[in-house]
Number of protein chains: 2
Amino acid sequence: MSVDRTRLLLDTIKRLLRRGATGHLRKIVNKTHAADLAVVFRFLRLREQEALFDLMDNVEHEAMLFSELEEEILLKLIEDMPAEKIAGIMEQMPKDDVADLLGKLSDERAKALLDLMTKEGSEEVEGLLGYDAETAGGIMVPDFIALKDATTAREAIAALQKDYVDVEMPFYLYVVDDHENLVGVISLRELVVVPSETRLKSIMATDVVSVPTDVDQEEVARIVARYNVLAVPVVDEKNKLVGIVTVDDVIDIIREEATEDFLKMAGAGDDLIESQSVLKSTRTRLPWLLASWIGGVIAFLIIGHFESTLNKLVYLAAFIPIIMGMGGNIGTQSSTIVVRGLATGRLNLKQMWEVAFKELMIGFLLGFFYGLLLGFVVQFRYDAWLLGVTVGLAVISSMTIAAMVGSLVPMVFARINIDPAVATGPFVTTSIDILSVFFYFQIATVLLRL
Amino acid sequence: MSVDRTRLLLDTIKRLLRRGATGHLRKIVNKTHAADLAVVFRFLRLREQEALFDLMDNVEHEAMLFSELEEEILLKLIEDMPAEKIAGIMEQMPKDDVADLLGKLSDERAKALLDLMTKEGSEEVEGLLGYDAETAGGIMVPDFIALKDATTAREAIAALQKDYVDVEMPFYLYVVDDHENLVGVISLRELVVVPSETRLKSIMATDVVSVPTDVDQEEVARIVARYNVLAVPVVDEKNKLVGIVTVDDVIDIIREEATEDFLKMAGAGDDLIESQSVLKSTRTRLPWLLASWIGGVIAFLIIGHFESTLNKLVYLAAFIPIIMGMGGNIGTQSSTIVVRGLATGRLNLKQMWEVAFKELMIGFLLGFFYGLLLGFVVQFRYDAWLLGVTVGLAVISSMTIAAMVGSLVPMVFARINIDPAVATGPFVTTSIDILSVFFYFQIATVLLRL
């Protein structure tokens, strides 16, 4: 459904809600895709969401909606819902989504809900709860198709019809040996085109890419992206197949991780929640600005230190914004290139010094260009060539340092295992501000003999 | 293959290349996945890449490598390759990748290569070349499975074995009527579990989500992400099925678009090419810094305008960095939240004023906090409460304005159909710098009666 059609749907639903046209609403709600309903829910108040939800007739549809809803909305929606109702819906949800949801509830409530689920369902969920949410183990689903290597194509298809009806993404059949170790993979497509007595052993691909349970979800996403597969099997430490991560979850991860990196770099939290209240948003963003505030106070002390220089030539102050601004901007360019390069795997830490040196060169060249330009402007306006040289050199030093700091800092953080996106934003801009101002006044004091 | 294993592979290949151990290299190259070879190629010189490529035995493997290689590397690699060789490889590549490649070559060379391909292949590619590269038409592949609605499951499976052996992602079967209009979809899995005489008509899902050829690739990606499908059918203006976009291409699009937005926001071009030379990178980044330079000159003129104020109280200058820095940082937070919200579809332009007002409130609260803090510091250090009030108010005004400008500018750009990511970076930071400085000196002049 396109953006326009979603908006139309939202407007229709809002109008019908106002009118209380329950019969009409029920029809619409039950034939709308859960993914579209999830978008509509974002723009409704809790009371309206509850009214719509009550009109849903089908528990599978409800389960899909639960999977699609944003966490904040879902948590509010189920707050007053009877536990039996929730447990019934959870039974129909992909088990990784259930584990995510339970992880957000109080231990007490999570346990109560698990107790209400069937034994099979709750065991699967409990298995997943043992893994860190952001690892392969935390995002895998435990339902996959695993068959022995001596199985024939005919038997495999029969198994699909009988034992694996509920499997979410049944496009690969994994082949295991007698110890349930993963030994091969066959696509469903290959299965249907071979003679029915063919044994899986003879048609399976043996170079199957798998991941251990504890590998980070970003690495799983990179593997899916690199090998163009629809699912990655997850194995435990004994190479036993324990789950698969499907491509639809990988897409969500790639989008979330990109959003997270964006927000982290800007120091705006790590989750994009427009539905947060003003006060909550303020709290999230407050600490990130502290670095910048402290940096500003340091810059202020530095300038105070050069007060006598400034007293003698007061319009030195007028160049502070351009020198800080040019440094800040090129520093942001450099750190963005490096942070994104590391995130996509297109840059590796082995190249650290090479990249920093290259950025230093670029910073110098750009600084030379814009410094020269500024020098000319100053010479032209004030006819003071020494002042021109001073501000020109200040721009060059600011931009050169900024490009190097901007590229080096995220790589150093990555090397010592601190998320480069988090550290970069406030740290880079603040240190560039301080260094720019310091070198500017130092150059002015020396060159203008103030 | 994990990052560590890729590095090991790279080191091994480099060592063998130095030794000229051709036999050993040939074995490794031919059993390595094309996606991994593509990563290795990134770290090799052209001569080494050519040496490895010459060792590849299998044209399908070569075709996969072509699809996986980064554009810049591929273009250099084929520069001196015989046209017959290239055409032979192109024959095996997904046709959307061939169209992308030809789009990057001179018209002459593209035509020569097309002429060398089989009629079927070149017609498919020419069909794709008619669409804009960043639309559904430009990223679709023309091979998909389309069957009439009266077909039985048995006949469908027979068709898979006979007519559709080369289809890239044969997980959905599309059902068309007599005019080749798309009327339904069946997953391969459903097909194998129904009785063999069942007609497609009776099991197909009719609410199939399709896109027209001219829809933007980002919208296609959003649809795949929203509905968790493995492929989206593309239809022409008469609802005739003309191709499908597969999930593996969608993953690449999501990653590329995120990277593009990152770089655009930082004003660092729109493609992450670490392999670019220093001079080329400098050229790419130069124009983006111009906005910042001009902003700096304007800030300089503004401060010059307040020269008499500054002359009377020279250490007003010392607060310029903190006032600019706080504004710049909160402005970046606001614009990042909005740009990313628009890109992920979680924010829509209807909410423009609501979001801007909320940001204004957040900016005011954060400004109040940090302004008060700074005011206290000043009062404590200089015992000058009026100066404290001045800088405190300047921080409040700077941060409030910055949050509003930072959120409003990308939404206004989006409304007039200018990419918000492009416009935001230089425009927002520059205008915030100027406004912050102006209001600061205005407040100082009035309050301190300078």
Failed condition for A:V232, given (1) touching a residue at least 60 places away in the same chain (Cβ under 8 Å); (2) over 26 Å from B:A266 (Cβ atoms); (3) surrounded by fewer than 24 Cβ atoms within 10 Å (Cβ to Cβ)
(3)
Scanning region A:175-208 for residues that are farther than 24 Å from B:L160 by Cβ and touching a Leu at 6+ places or on another chain (Cβ under 9 Å), the one modelled with the lowest pLDDT turns out to be A:E180
Unmet requirement for B:V297, which otherwise passes all of (1) surrounded by 24 or more Cβ atoms within 10 Å (Cβ to Cβ); (2) more than 27 Å from A:V339 (Cα to Cα); (3) not assigned by TED's automatic domain parsing to the domain that holds B:V175
(1)
Can you tell me which of B:K31, B:K27 is within 20 Å of A:V209 (Cα to Cα) and more than 14 Å from chain A (Cβ to nearest Cβ)?
B:K27
B:V165 passes all but one of (1) surrounded by fewer than 15 Cβ atoms within 10 Å (Cβ to Cβ); (2) under 29 Å from the mean Cα position of the chain (by Cα); (3) among the aliphatic types (A, V, I, L, M); which number fails?
(2)
Could you list all residues from region B:54-63 that are farther than 15 Å from B:D100 by Cβ and of a type outside the set (V, I, T)?
B:D54, B:L55, B:M56, B:D57, B:N58, B:E60, B:H61, B:E62
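Could you tell me whether A:I157 is buried (at least 21 other Cβ atoms within 10 Å of the Cβ), over 29 Å from A:D100 (Cβ atoms) and within 14 Å of another protein chain (Cβ to nearest Cβ)?
no
Given the criteria over 23 Å from A:L173 (Cβ atoms), more than 10 Å from every other protein chain (Cβ to nearest Cβ) and touching a helix residue (DSSP H, G or I) at 6+ places or on another chain (Cβ under 6 Å), does B:A136 qualify? Outline the logic, then answer.
Working: over 23 Å from A:L173 (Cβ atoms): yes; more than 10 Å from every other protein chain (Cβ to nearest Cβ): yes; touching a helix residue (DSSP H, G or I) at 6+ places or on another chain (Cβ under 6 Å): yes.
In short, yes.
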Some residue of region B:311-322 being part of a helix (DSSP H, G or I), crowded, with 23+ Cβ neighbours inside 10 Å and β-branched (V, I, T):
yes
For the list (1) of a type outside the set (D, E); (2) surrounded by 15 or more Cβ atoms within 10 Å (Cβ to Cβ); (3) closer than 30 Å to A:A83 by Cα, I need the number of the one condition that A:L191 fails.
(3)
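Considering each of A:V339, A:V428 in turn, give the residue that is facing chain B (nearest Cβ under 10 Å), crowded, with 24+ Cβ neighbours inside 10 Å and either at pLDDT 95 or above or under 25 Å from the mean Cα position of the chain (by Cα) (or both). Write out each step before concluding.
Working: A:V428 fails: facing chain B (nearest Cβ under 10 Å).
Step by step, each of A:V339, A:V428 is checked, and only A:V339 is facing chain B (nearest Cβ under 10 Å), crowded, with 24+ Cβ neighbours inside 10 Å and either at pLDDT 95 or above or under 25 Å from the mean Cα position of the chain (by Cα) (or both).
Restricting to region B:30-48, name every residue that is of a type in the set (K, R) and over 29 Å from the mean Cα position of the chain (by Cα).
In the first step, residues of region B:30-48 are kept if they are of a type in the set (K, R); the result is B:31, B:42, B:45, B:47.
Correct list: B:K31, B:R47.
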If I filter region B:318-334 for residues that are farther than 30 Å from A:S277 by Cβ and in contact (Cβ under 8 Å) with a residue 12 or more places away in the chain, do I get at least one hit?
yes
Flag for A:R449 being over 23 Å from A:A268 (Cα atoms), more than 9 Å from chain B (Cβ to nearest Cβ) and charged (D, E, K, R):
yes
Scan region B:26-73 residue by residue and report those that are of a type in the set (S, T, N, Q) and either surrounded by 16 or more Cβ atoms within 10 Å (Cβ to Cβ) or at positive phi (or both).
B:T32, B:Q49, B:S67
Residue match in region A:233-240 (condition: touching a strand residue (DSSP E or B) at 6+ places or on another chain (Cβ under 8 Å), within 20 Å of B:N228 (Cα to Cα) and at pLDDT 85 or above)
yes
Which numbered condition in (1) more than 9 Å from chain B (Cβ to nearest Cβ); (2) within 24 Å of A:L310 (Cα to Cα); (3) surrounded by fewer than 23 Cβ atoms within 10 Å (Cβ to Cβ) is the only one that A:L408 fails?
(2)
Could you list, in sequence order, the residues of region B:174-189 that are at the interface with chain A (Cβ under 10 Å from one of its Cβ atoms) and touching a helix residue (DSSP H, G or I) at 6+ places or on another chain (Cβ under 8 Å)?
B:L188, B:R189
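For A:R222, state whether it is under 29 Å from the mean Cα position of the chain (by Cα) and without any contact (Cβ under 8 Å) to a residue 24 or more places away in the chain.
Details: under 29 Å from the mean Cα position of the chain (by Cα): yes; without any contact (Cβ under 8 Å) to a residue 24 or more places away in the chain: no.
No, not satisfied.
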List the pairs whose first member sits in region B:378-405 and is in the same structural domain as B:I320 (by TED's automatic domain parsing), whose second member is assigned to a loop (DSSP other than H, G, I, E, B), and whose Cβ atoms are under 8 Å apart, counting only residues at least 6 apart or on separate chains?
B:V378/B:A384; B:L386/B:L448; B:L387/B:L313; B:L387/B:L448; B:T390/B:L448
Inter-residue pairs, beta-carbon under 8 Å, first among the acidic types (D, E) and in region B:37-59, second modelled with pLDDT of 90 or more, 6+ apart:
B:E48/B:K14; B:E48/B:L17; B:E50/B:L77; B:D57/B:R26; B:D57/B:N30
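For region B:107-129, how many residues are within 30 Å of B:S187 (Cβ to Cβ) and surrounded by fewer than 16 Cβ atoms within 10 Å (Cβ to Cβ)? Spell out how you get there, then give the answer.
Looking only at region B:107-129, we keep the residues that are within 30 Å of B:S187 (Cβ to Cβ), and these are B:120-121, B:123-125, B:127-128.
Filter once more, keeping what is surrounded by fewer than 16 Cβ atoms within 10 Å (Cβ to Cβ): B:120, B:123.
The total comes to 2.
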Identify, by number, the condition in (1) at the interface with another protein chain (Cβ under 10 Å from one of its Cβ atoms); (2) more than 18 Å from A:G341 (Cα to Cα) that B:H61 doesn't meet.
(1)
Hey, can you tell me all the residues within region A:226-252 that are in contact with a Ser or Thr (Cβ under 9 Å, 6 or more places away or on another chain) and not in a strand (DSSP E or B)?
A:N228, A:L230, A:D236, A:E237, A:N239
Closer than 24 Å to A:D261 by Cα and not in a helix (DSSP H, G or I) - does that describe any residue in region A:386-409?
no
Only one of B:A205, B:A150, B:A156, B:A146 that is among the small types (G, A, S) and in contact (Cβ under 8 Å) with a residue 60 or more places away in the chain:
B:A146
Selection count, region A:431-442, where residues are surrounded by 23 or more Cβ atoms within 10 Å (Cβ to Cβ) and of a type in the set (S, T, N, Q)
1
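Do you know which of the residues in region B:304-347 that are among the basic types (K, R) and touching a helix residue (DSSP H, G or I) at 6+ places or on another chain (Cβ under 8 Å) is farthest from B:E256 (Cα to Cα)?
B:R346
Would you mind stating whether B:L365 is facing another protein chain (nearest Cβ under 8 Å) and at pLDDT 85 or above? Before you say what the answer is, go through the steps one by one.
Details: facing another protein chain (nearest Cβ under 8 Å): yes; at pLDDT 85 or above: yes.
Yes.
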Starting from region A:243-267, take each residue that is farther than 14 Å from A:E219 by Cα and at the interface with chain B (Cβ under 7 Å from one of its Cβ atoms) and list its partners that are hydroxyl-bearing (S, T, Y) and part of a helix (DSSP H, G or I), counting only C-beta distances under 6 angstrom and pairs at least six apart or across chains.
A:F262/B:T336; A:A266/B:T332; A:A266/B:T336
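The values are calculated or read from the model by the stated rules, or taken from the named source; none is laboratory data. These numbers come from a predicted model, not from an experiment. Virtual Cβ from ideal backbone geometry, glycine too; neighbours counted across all protein chains shown.
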